Amino acid sequence: MLSVIQTAAPIVTRPPATIALDGLRQSYGPGETIFDEGQRADRVYQLTSGSLRTCRILRDGRRQIEAFHFAGDVFGLEGGETHRVAAQTLGPAQVRVMPRSALEALAHEHADVARRLLALTTDNLRRCQDHVLMLGRRTACERVAALLLDLAERTGADALLDVPMTRQDMADYLGLTIETVSRTFTQFQHDGLIALPTTRKVLLRDRAALEAMVD
């Protein structure tokens with residue numbers, strides 16, 4: 001059974017759309033499933049370390065990654081009774097788990113919690129809208145550039161990015177083939193936009209050019 005540690009101030013001073021959940025800590029290894037598509041959505045999660053993907057498997061077996069999540073992100077908060085997606089770790093990860101009913105009670109009792117949940121929901125909606133635009137209108141180069149810039153923004157990296165996802169993960173998120181993603185990275189490297197110290201690190205050598213690509 002989950003235990004929930006409730007404090008007088010469940011919210012910490014962080015960016016407006018960020019909250020801190022108090023709850024049971026759970027650890028996961030690489031590639032583990034935190035919850036599956038269709039599973040009852042009676043808990044809410046916050047990633048305290050590591051990274052993960054949320055995804056759906058289509059009828060023909062193809063995978064569509066909906067989002068990537070990083071330390072501090074709250075996920076698994078659904079409007080319905082079941083999860084629309086599965087959540088899978090990209091590497092070692094730790095999460096806090098809180099019953100959805102407990103979070104709803106906190107939001108009812110504390111206006112600040114309700115405001116931050118609204119800000120969180122609004123931010124997630126904006127990201128979904130940006131993702132739809134990217135899939136529908138952007139070229140392969142623009143999609144990869146947008147992903148790299150989003151990683152930099154969300155992880156607070158200046159130039160050197162730690163990239164926890166594989167090229168296949170990127171392809172399934174961007175709506176591209178793995179071959180197209182790999183060719184785009186090679187082209188960016190050739191053009192001096194990025195350097196690739198390792199397969200899981202990307203150095204943004206010309207961030208301004210990448211930003212101009214997606215403006």
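A few points about this structure:
- Set Cys128, Cys55: member being of a type outside the set (D, E, K, R), closer than 28 Å to Ile178 by Cα and not in a helix (DSSP H, G or I): Cys55
- Residue satisfying condition, being basic (Lys, Arg) and over 20 Å from Thr54 (Cβ atoms), within set Arg167, Arg137, Arg96: Arg137
- Verdict on Arg96 being under 20 Å from Gln46 (Cα atoms) and either at pLDDT 95 or above or assigned to a helix (DSSP H, G or I) (or both): no
- Among residues of segment 157-208 being of a type in the set (Asp, Glu) and touching a residue at least 60 places away in the same chain (Cβ under 8 Å), the one that is farthest from Pro92 (Cα to Cα) is Asp172.
- Being closer than 29 Å to Leu24 by Cβ, aliphatic (A, V, I, L, M) and either modelled with pLDDT under 90 or part of a helix (DSSP H, G or I) (or both) is a condition met by at least one residue of segment 77-87.
- Flag if Ala145 is within 15 Å of Ile194 (Cα to Cα), over 16 Å from the mean Cα position of the chain (by Cα) and crowded, with 16+ Cβ neighbours inside 10 Å: yes
- Arg40 vs. criteria basic (Lys, Arg), farther than 19 Å from Arg154 by Cα and modelled with pLDDT under 95: no
- Ala111 fulfils the conditions (1) farther than 27 Å from Gly91 by Cβ; (2) at pLDDT 80 or above; (3) under 17 Å from the mean Cα position of the chain (by Cα) except for a single criterion, (3).
- For the residues Gly61, Gly50, the requirement of being farther than 22 Å from Ala105 by Cβ, assigned by TED's automatic domain parsing to the domain that holds Asn124 and either of a type in the set (Val, Ile, Thr) or modelled with pLDDT of 95 or more (or both) singles out Gly50.
- When Thr139 is tested against (1) touching a residue at least 40 places away in the same chain (Cβ under 8 Å); (2) β-branched (Val, Ile, Thr); (3) surrounded by fewer than 18 Cβ atoms within 10 Å (Cβ to Cβ), exactly one condition is not met: (1).
- Test: residue in segment 200-214 that is assigned to a strand (DSSP E or B), touching a Pro at 6+ places or on another chain (Cβ under 9 Å) and within 27 Å of Ser49 (Cβ to Cβ): yes
The values are calculated or read from the model by the stated rules, or taken from the named source; none is laboratory data. Predicted model, so just to flag it, every value in this text is computed and none were measured. Positions of Cβ are generated from backbone atoms using ideal geometry, with glycine treated the same way; all protein chains shown enter the neighbour counts.
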